[in-house]
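The values are calculated or read from the model by the stated rules, or taken from the named source; none is laboratory data. These numbers were taken from a predicted model, which means no experiment stands behind them. So basically every Cβ, Gly included, is an ideal-geometry build from the backbone, and we count neighbours across all protein chains shown.
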Amino acid sequence: MSDFYSLKIKSVEELTLESVAVSFVIPAELKSKFNFYSGQYVTLETKINGNNTRRSYSICSAPNEDITVGIKKLQGGIFSTHAVENFKKGEAINVSTPEGRFYYKENYGKEIITGIAAGSGITPILSIAKSVVRANKENKFVLIYGNKSKSDKMFSTELLKLKSEFPDRFIIIDVYSRASEEGCFFGRIDNSIINYCFKKYGKADKYFICGPEEMIKKSSDKLLSSGISKKNIFFELFVSKNTKSSELTEDIESTIDIVYEGVNHTIKNPKSKTILDSALDSNIDVPYSCQGGVCAACIAKIIKGKVTMDNNQILTDQEIDDGLILVCQSKSTDSYLKINFDDV
Ligand code: FES
C-alpha cells in the first residue's frame, strides 16, 4: 500500500478550458519516496464538502522532472471539478507515493515505441514519450493522439516542445473526431490509422495504450491480429469511481466480518454501498487508494460468502477463483460475508 504525504502545490497550469496540469513540491527528504517510472500514477486526497476524497491521476512528467499530473474535468466528477476550479499554488494536498503496473522501463538498446492515447489518456503516455526519446539517441516514439478538437487537446504546448527538441524521433499523428484539421486524421483512432502507422513508421517494439475501454480494445485487437505479441502491448484503462458495470438486483443488507491487521471488525453493508465505503463509514482504516478498481491497494480474500464487483482492471480470473476481490468495487450478494486483508 502507498503512503500519503502532505505536499504543496508548486503550480497549476491551465491546459484547456477543462483541464489543468498540477505540479508538486517534493521536499528533499521525500525525494526517494517519490521516485517513479514513466506511466505510473499518484493518488491525491483532499477534503471536498467536508469529506476526504481521493482520486488517482497519472504522472505526465518524466522521472527527472517535478511530479506533475494532468487533471481533466469529468462530467459529475467531484474531485476533478474541484481540482480544475479550486486548486491553487501553495495549497497542501495529500499525495500518495507513485504506483501502478503500467510503466516504461528503459531498455539500454535502441527501441521504437508507439503510444496510442485518447483525451486525458495522454498523461502517462506523455511521460513515457519523454523517457523513450531521452533514453537513447536512436530511440523513436510515435504518438497516435485522439481528441474531439484542437481546443480539447491536453498538453499541446508540451508536445510541440518535445517535437521541436526531437523532430526526427518524436512523431505525432493527430486524430480529431469533431473537426477537420490540415495534416490530421478526421474520425476516431481505428484500424486504418494503425495501418497507416505500420506503413509509414514500421512496427514498434512495444505499444502503450491509454484511454477509454472501447479504444483500448479495438487498438489491441488490431495490434494482435497484425502479429504484435501480447507481451509487447501494455494498456491503462481510465475508470472513475462513478462508473458502474453491475448493480445488485435485490435489496440486501449484509453482515460483514472484516479481518485487518489481526483484528475482526463486524459491520453492516447496505446494498447501495461498496464494502470499502461501509468500512470507512465505520471508521475501519482498511487500505485503499484509487477507489476506481485500478490500483490493487484494496485487495482482500473472501473467507465466506459472495460479492459482485463493478470495475476490475487488476485481478486475473485465477485470482478471482482464488477468492480475491477489490474491496472498493465489491458489494456483498449474501446476507453474511467474511473477508481477510491479511491473507493476500
Ligand atoms: S482502491 Fe484502488 S483498486 Fe480498490
Would you point out the residue of region 162-212, among those that are basic (Lys, Arg) and within 24 Å of the chain's Cα centre (by Cα), that is surrounded by the most Cβ atoms within 10 Å (Cβ to Cβ)?
206
Between 28, 21, which is in contact (Cβ under 8 Å) with a residue 40 or more places away in the chain and not β-branched (Val, Ile, Thr)?
21
If I ask for residues that are in a loop (DSSP other than H, G, I, E, B) and closer than 21 Å to residue 264 by Cβ, which ones from region 298-328 would you list?
298, 305, 306, 323
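Please list, ordered by residue number, the strands (runs of 3 or more DSSP E) wholly in region 54-133 having 3 or more residues that are surrounded by 22 or more Cβ atoms within 10 Å (Cβ to Cβ), in contact (Cβ under 8 Å) with a residue 12 or more places away in the chain and away from the ligand (no atom under 16 Å from the Cβ). Break it down into steps so the answer makes sense when it comes.
Values: elements: 68-72, 92-96, 112-118.
Hits in region 54-133: 68-72, 112-118.
Yes or no, residue by residue, for (1) under 23 Å from residue 235 (Cβ atoms); (2) within 14 Å of the ligand (Cβ to nearest atom); (3) at pLDDT 85 or above:
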{"site": "266", "(1), (2), (3)": "no, no, yes"}
{"site": "274", "(1), (2), (3)": "no, yes, yes"}
{"site": "277", "(1), (2), (3)": "no, yes, yes"}
{"site": "283", "(1), (2), (3)": "no, no, yes"}
{"site": "293", "(1), (2), (3)": "yes, yes, no"}
{"site": "296", "(1), (2), (3)": "yes, yes, no"}
{"site": "299", "(1), (2), (3)": "yes, yes, yes"}
{"site": "308", "(1), (2), (3)": "no, no, yes"}
Would you confirm whether or not region 298-307 contains a residue that is free of Cβ contacts under 8 Å to residues at least 40 places away in the same chain and either within 24 Å of residue 40 (Cα to Cα) or not assigned by TED's automatic domain parsing to the domain that holds residue 269 (or both)?
yes
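Looking at 277, 285, which one is under 24 Å from the mean Cα position of the chain (by Cα), surrounded by fewer than 17 Cβ atoms within 10 Å (Cβ to Cβ) and under 28 Å from residue 98 (Cα atoms)? Full working, then the answer.
Working: 277 fails: surrounded by fewer than 17 Cβ atoms within 10 Å (Cβ to Cβ).
Selected residue: 285, the only one of 277, 285 that is under 24 Å from the mean Cα position of the chain (by Cα), surrounded by fewer than 17 Cβ atoms within 10 Å (Cβ to Cβ) and under 28 Å from residue 98 (Cα atoms).
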Could you figure out which of (1) modelled with pLDDT of 90 or more; (2) surrounded by 14 or more Cβ atoms within 10 Å (Cβ to Cβ) isn't true of residue 254?
(1)
Going through region 329-344 in order, the residues found to be of a type in the set (Gly, Ala, Ser) and not in a strand (DSSP E or B) are 335
